[in-house]
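A short worksheet on the structure shown next.
The values are calculated or read from the model by the stated rules, or taken from the named source; none is laboratory data. This is a predicted model, so every value here is computed, not measured. Glycine also receives a Cβ, built like all others from the backbone with ideal geometry; neighbour counts cover every protein chain displayed.
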């Protein structure tokens with residue numbers, strides 16, 4: 001049975017758990033606060049994520065890491081392309097390079113709402129649907145589009161990101 005660490009990086013906390021390849025949790029949930037006022041926040045987040053991976057590796061043979069993150073995520077390169085006010089100093093952090101090399105594990109990184117939408121089409125309320133739109137409200141507002149089972153990212157990874165749309169009041 002394969003064991004994959006799932007990590008969610010948000011504006012106020014980092015959440016992690018261990019899952020099998022069918023999405024079943026091993027009930028090893030962990031949560032740590034992020035420190036959005038720190039100047040070195042990107043280093044703090046990376047250090048916290050590395051510590052979580054290390055903690056899980058001490059108890060289990062890990063087969064991979066999946067990371068969902070707030071902000072605009074370049075999932076092809078595994079890096080944060082843009083982060084708003086909730087995570088200042090976070091742009092350019094590359095999880096695939098850092099965690100993959102340090103722990104010798106495959107790492108996938110995706111936007112948090114894109115990840116949630118894929119999760120819903122895999123195991124959740126949208127599991128019988130091939131195309132969905134998801135809107136989330138948390139520390140920020142996010143959106144995702146799944147079309148024929150695939151995330152639509154657009155050329156700059158912002159397709160579906162309603163939180164960055166200008167609002168005109170008439």
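List of remarks:
- Identity of the residue in region 140-162, surrounded by 14 or more Cβ atoms within 10 Å (Cβ to Cβ) and in contact (Cβ under 8 Å) with a residue 40 or more places away in the chain, that ends up farthest from residue 110 (Cα to Cα): 140
- So residue 30, is it surrounded by fewer than 18 Cβ atoms within 10 Å (Cβ to Cβ) and in contact (Cβ under 8 Å) with a residue 12 or more places away in the chain: yes
- Some residue of region 94-111 being in contact with a helix residue (DSSP H, G or I) (Cβ under 6 Å, 6 or more places away or on another chain) and in a strand (DSSP E or B): yes
- Taken over region 22-48, the criterion of being at pLDDT 95 or above and assigned to a loop (DSSP other than H, G, I, E, B) is satisfied by 22, 23, 24, 26, 27, 28, 29.
- Residue, nearest to the chain's Cα centre (by Cα), within region 1-13, restricted to residues that are more than 12 Å from residue 66 (Cα to Cα) and modelled with pLDDT under 95: 10
- Checked against the criterion of being in contact with a helix residue (DSSP H, G or I) (Cβ under 7 Å, 6 or more places away or on another chain) and within 22 Å of residue 135 (Cα to Cα), the candidates 75, 69, 115 yield just one match: 69.
- Count of region 97-127 residues which are touching a residue at least 60 places away in the same chain (Cβ under 8 Å) and farther than 25 Å from residue 87 by Cα: 2
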